[in-house]
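Take a look at the structure below.
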Amino acid sequence: MIVILVDDMGWKDLGCYGSDYHSTPNIDQLAEDGILFTNSYSSCNVCSPTRAALMTGKNPARLHLTDWIEGHKYPWARLKVPDWKMIIDSSEYTLAEAFKDAGYYTAHIGKWHLGESEKDWPEYHGFDVNIGGWSKGSPNRNVKNGSNGYFSPYGNPRMDDGEVDEYLTERLADEVCQVIEEQSEKPFFINLWLYNVHMPLQAQEEKVQKYLALQDSSKQHHNPVYAAMVEHTDDAVGKVIAKLKERGLYENTIILFASDNGGLIGNGQRKITNNAPLRHGKGGMYEGGIRIPTILHAPAYIKTHHIIHEPVITEDYYPTLLELAGFQNSSQAKEYDGISWLSIFNGEQMLNRDALYWHYPHYHQEGAVPHGAIRQGKWKLIENFETDSIELYNLEEDQGERHNLHSKFPDRVIEMRKKMDAWRKNVNAQMPMSNPDYDQQKERKKDKQIIND
């Protein structure tokens, strides 16, 4: 069992999802060998809450872990954000603990970003080994201590530095291959949580030059360094798959590939990726911030290319992976919010779920204000907590969320708001409050810096 989680990869960043610039042959082949989801969502528009949802099967609102750690600070904003958690509580029975209790060797390799203190890192949440997972959410680029981001030296307390200019993503793939080599005689569960394609934008020069030569203004994607980082990601996936095949394990290994949130579009002269036709991206309120690429290789269930349009979300990974592995959830696990996908693999048209929910009572520098959202069938409703305003979109006809239909369908708005209110009560969601230190002048200055589309 291998979970490959990419950081900030957008819905359209892969060839199999429609990129006309990025080269991803290994991931595209993984999709050909398995299942590609077209309506897959991250649990949040930023990373840490999604990672917590993956590890627990619970919605971030239930966990009270609703923003990235440490979050952006706007003490003068219109609303005061809740005092939210910045760790996975030790009482949570994690996915790694479930697999470890079932006799699996468990390894976390790569980004963690689920706690500042060492006692909150992977080895304290069910992993036998932790390579590279600590408090930071991006590669450590610190001139004072000599850390060089994606190139060694890394300055990472959970991973030795490699040779000068060794590239982090290749190193993490090598570490996974080493675990596979050493543990191939027993079942293993591996988190490969890549730091790619998160900032800073860094890649090996030969790859950057390759994409500089391929630049074309007619293409959807244009950033050569980002494209090179996407290719580094594909190389890492290819290296892991090659090792599995070498050891005769590919047909006996479940591989889940996903992203922790939508692609970071950047602004001004710092354009990074393009999530079109989806609106906005990481840290925003719309589809571009939460719709993600998701691929599942599960040879016992699907042996050839299969496309699933049913909406799914990060907290589903927990029950799905447990059931795919052939064992039911331990009695130690408390309730989770995800739903196993096996029913749709076995012929059902839809999952037994009424709606998907998001809760983000925070501000983000990429444009989000405190809000909640619900997707029910083709309909998506967004509730802006600042203004108490509503947006309603028909995603089948308006994937880019450009036509707000709230005034045309008032009964639907009432129904979906009631569902959201009931859901928030059920999960005990933390809500923002009116801020006594609100400063309108500072708010206006911030608004001028944000590009919402």
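Here are the numbers for the structure shown:
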{"quantity": "Single condition K207 does not satisfy, out of (1) among the charged types (D, E, K, R); (2) under 26 Å from H362 (Cα atoms); (3) open to solvent by less than 30 Å² (accessible area, probe 1.4 Å)", "calculated": "(2)"}
{"quantity": "Verdict on E185 being open to solvent by 10 Å² or more (accessible area, probe 1.4 Å) and modelled with pLDDT under 95", "calculated": "yes"}
{"quantity": "Number of the exception - A98 against (1) open to solvent by 10 Å² or more (accessible area, probe 1.4 Å); (2) at pLDDT 95 or above; (3) of a type outside the set (V, I, T)", "calculated": "(1)"}
{"quantity": "Strands (runs of 3 or more DSSP E) wholly inside region 346-453 containing at least 1 residues that are at pLDDT below 95 and over 27 Å from the mean Cα position of the chain (by Cα)", "calculated": "none"}
{"quantity": "Qualifying residue in region 261-278 (condition: without any contact (Cβ under 8 Å) to a residue 12 or more places away in the chain, open to solvent by less than 40 Å² (accessible area, probe 1.4 Å) and either over 19 Å from M55 (Cα atoms) or among the aromatic types (F, W, Y) (or both))", "calculated": "yes"}
{"quantity": "Residue check for G238: of a type in the set (G, A, S), touching a residue at least 60 places away in the same chain (Cβ under 8 Å), out of contact with any Leu (no Cβ under 8 Å at 6 or more places or on another chain) and buried (at least 23 other Cβ atoms within 10 Å of the Cβ)", "calculated": "no"}
{"quantity": "Residue count, region 11-51 (criterion: among the small types (G, A, S), touching a helix residue (DSSP H, G or I) at 6+ places or on another chain (Cβ under 7 Å), open to solvent by less than 10 Å² (accessible area, probe 1.4 Å) and outside any helix (DSSP H, G or I))", "calculated": "2"}
{"quantity": "Close pairs (6 angstrom Cβ cut-off, 6 or more residues apart or separate chains): closer than 13 Å to K12 by Cα in region 26-40, assigned to a strand (DSSP E or B) anywhere", "calculated": "L36/I295; L36/I307; F37/T294; F37/I308; F37/V312; S40/T294; S40/V312"}
{"quantity": "Residue pairs meeting the criteria (Cβ under 7 Å; at least 6 apart or on separate chains; first surrounded by fewer than 20 Cβ atoms within 10 Å (Cβ to Cβ), in region 112-139; second acidic (D, E))", "calculated": "S135/E116"}
{"quantity": "The one condition in (1) within 18 Å of E231 (Cα to Cα); (2) acidic (D, E); (3) more than 15 Å from the chain's Cα centre (by Cα) that D13 fails to fulfil", "calculated": "(3)"}
{"quantity": "Flag if D160 is acidic (D, E) and either farther than 26 Å from F188 by Cβ or out of contact with any strand residue (DSSP E or B) (no Cβ under 7 Å at 6 or more places or on another chain) (or both)", "calculated": "yes"}
{"quantity": "Residues that are more than 18 Å from the chain's Cα centre (by Cα) and either more than 17 Å from G34 (Cα to Cα) or among the aromatic types (F, W, Y) (or both), drawn from region 243-260", "calculated": "K243, E246, R247, G248, Y250"}
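The values are calculated or read from the model by the stated rules, or taken from the named source; none is laboratory data. None of the values given here were measured: they were computed from a predicted structure. Every residue, glycine among them, receives a Cβ derived from its backbone with ideal geometry; neighbour counts consider all protein chains shown. Just the protein is used for accessible areas: all its heavy atoms, side chains included, with ligands, DNA and RNA removed. Shrake-Rupley method; radii C 1.70, N 1.55, O 1.52, S 1.80 Å.
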